[in-house]
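Take a look at this one; I'll ask things after.
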Amino acid sequence: MKDVRTGTRSQWQRKRVFIRTYGCQMNVYDSDRMADVLRPLGYALSETPEQADLVVLNTCHIRERASEKVYSELGRLRDLKSERRRDGADLTIAVAGCVAQAEGEEIIQRQPAVDIVVGPQAYHRLPELLARVARQSDERRFDGRRRPGAGVLDTDFPVESKFDHLPAPSEADVRAGSAFLSIQEGCDKFCTFCVVPYTRGAEYSRPATAVLREARSLVAAGAAELTLLGQNVNAYHGEAAPSSIGGSTWGLARLIREIAGIDGLARIRYTTSHPRDMDDDLIAAHGDVPQLMPYLHLPVQSGSDRILEAMNRGHGRDHYRRLVDRLRGIRPDLALSSDFIVGFPGESDADFDDTMRLVDEIGFASAYTFKYSRRPGTPGAGLGDQLADGVKAARLAALQSQLGRQQRDFNASKVGAVVPVLFAEAGRKSGQILGKSPWLQSVYVEGSADMIGSIVNVRLLAAYALSLAGEVVTGEGPSRLEVAA
Ligand code: 5AD
Ligand code: SF4
């Protein structure tokens, strides 16, 4: 029913959607896009499943634990749905993301309370899928039966249609001055441990014109920082913008230089990159594009040549070391971060020692560490010499403690510096606010909520394992200008 005065549905009549996001930043971006698709259908965001008419789980399939979490959450949602039905109401349950893509129909068989399974390339068809569920639900009300295979499934590719059909991001997609922008999806690298080439499909780069349009509208909507996203983001080779000279495609560096020209944009980041795709122009951009933040997530996975080869990474430890030397030659304050997998099949003590030595040699500002997880369908799953969990756990602990020391040392090295911080949220204690330094460190200060979304100069006073404490530099007053630290 329409509100007579405004012509819109009044608040209490609106439908609500709760979206739970698992996994990487690509999924965070996709969840926002799903919210954008659902908004015109009258769906407002809900904070909890209990208040929602529709629950979407945007899932991650990268490690076994991530997938299993989805099924336990679905068990809880099934109970909630049964309660609703006892009260004569209903709850629609949708599974999106990489588990949806990888397991499809199996999800509905394992958890029949699921109404919709939608793969990452089909989010623009959510309205149609919801309409089909609504039709089924009307039929059920009519004859009281749930038909076999009542859930609806859409896991179709190709990826390019996804971006063509999704609504453009809006102000709602800028959070505290920061926004994600997906420029590339899928991957052709086929690392032997990884499901991404199967769940997200072949590498696809969005045309530069579409990316630039979206970048401009996000900055106009208040973004001071853009993070360019892709599963293999530095493999970007999008169709060139029409007016450009030389070449029919742009690489990531060219795109970054163009985006850096957008007025009001202070910070550019990109993730996740592959060591094989750091071309000369991208390395140079780290030296000559001031908006490009001095922080690079460059996963190496292992420090052993033998394991890197078995992982099909396409480079050895020396390539990584030389690359880091070149980057630091151009941008001496560049902070590096990486992903590591311990316990890949066949990893010996000597291989693991090579990883520990590489960590020593490079010095990381932060890192994500994982025990190898055997993923069905990947080449790694079929390899012999799968390691015992105890071995993986011991190696993980040793690696984490070394990386933790490096992170603390890195944080301590910044104490005394005045650095620009983009404030993102309220801190844990009242009167505190929390933001990010150029090196993606969490920094908290005494400050007021109206600074959230702004970049303000902060003197760093104390360093901890995962954060730094600082004070706002007074005198100059808060500034949206990014200054070199
Ligand atoms: N087991 C453990 N970690 C994995 N990753 C990807 N696949 C697996 C797996 N099968 C890690 C890699 C990757 C990150 C996103 O997740 O380190 O860079
Ligand atoms: Fe997976 Fe990254 Fe390897 Fe692609 S490059 S297969 S996304 S780990």
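The values are calculated or read from the model by the stated rules, or taken from the named source; none is laboratory data. Quick caveat: nothing in here was measured; it's all calculated off a predicted structure. Neighbour counts run over all protein chains shown; Cβ positions are idealised from the backbone, glycine included. These area figures cover heavy atoms from the full protein model, side chains too; ligands, DNA and RNA do not enter into them. Shrake-Rupley method; radii C 1.70, N 1.55, O 1.52, S 1.80 Å.
Over the Cα atoms, compute the radius of gyration (one decimal) and Dmax (the largest Cα-Cα distance, rounded to a whole number) for the range 348-397, in Å.
That works out to 12.8, 35 Å for Rg and Dmax.
Let me ask another. Would you mind telling me the share, in percent, of accessible area of the range 200-290 contributed by carbon and sulfur at probe 1.4 angstrom?
Carbon plus sulfur share of accessible area: 50 percent.
Give the residues of the range 175-214 whose amide nitrogen is closer than 18 Å to a point set 7 Å from the Cα of R374 in the direction of its Cβ.
Counting only backbone N, you get 192-195.
Report, for the chain, the % of DSSP beta bridges that are antiparallel, rounded to 5.
About 35 percent, rounded to the nearest 5.
Report the full-extension gain for the segment I245 to S430: residue separation times 0.36 nm, less the Cα-Cα distance, to one decimal in nm.
The span from I245 to S430 would gain 61.3 nm if fully extended.
Turning to a different aspect of this structure: Given the peptides 335-341, 172-178, 106-112, arrange them by the average over their residues of other C-beta atoms within 10 Å, most packed first.
335-341, 172-178, 106-112
Now, a different point. Averaged per residue, what accessible area in Å² does the range 294-413 show with a 1.4 Å probe, protein chains only?
About 42 Å² of surface per residue is accessible.
Do the sum for the chain: with -39,500 (n - 2.57) for every DSSP H run of n ≥ 4, divided by all residues, what is the mean residue ellipticity at 222 nm, to the nearest 500 deg cm²/dmol?
Mean residue ellipticity at 222 nm (helix-derived): -11000 deg cm²/dmol.
A follow-up question, please. Counting DSSP beta bridges with both partners in the range 168-283, what percentage is antiparallel, nearest 5?
40 percent
Work through the residues other than G346 whose Cβ is under 10 Å from its Cβ and net out their charges, Lys, Arg +1 and Asp, Glu -1.
Net local charge, G346 excluded: -2.
For the range 168-283, with every protein chain kept in place, what is the accessible area per residue (1.4 Å probe, Å²)?
35 Å²
Average projected area of the Cα convex hull of the range 288-407, in nm²?
Result: 7.9 nm².
Could you let me know the centre-to-centre spacing of the range 22-43 and the range 285-306, using Cα atoms, in angstrom?
29 Å
Can you pull the one-decimal nm distance between simple spin-label points at T48 and D389, each 7 Å off the Cα toward Cβ?
Each label point lies 7 Å from its Cα, and together they span 3.2 nm.
For a label point 7 angstrom out from the Cα of R306 toward its Cβ, which stretches of the range 336-375 have the backbone nitrogen within less than 11 Å?
Correct set: 346-354.
Calculate how large, on average over all directions, the projected area of the Cα convex hull of the chain is; give the answer in nm² to one decimal.
25.8 nm²
Name the cysteines of the chain that stand alone by the Cβ rule: no other cysteine Cβ under 4.7 angstrom.
So far as the 4.7 Å Cβ criterion goes, C24, C60, C98, C187 stand without a partner in the chain.
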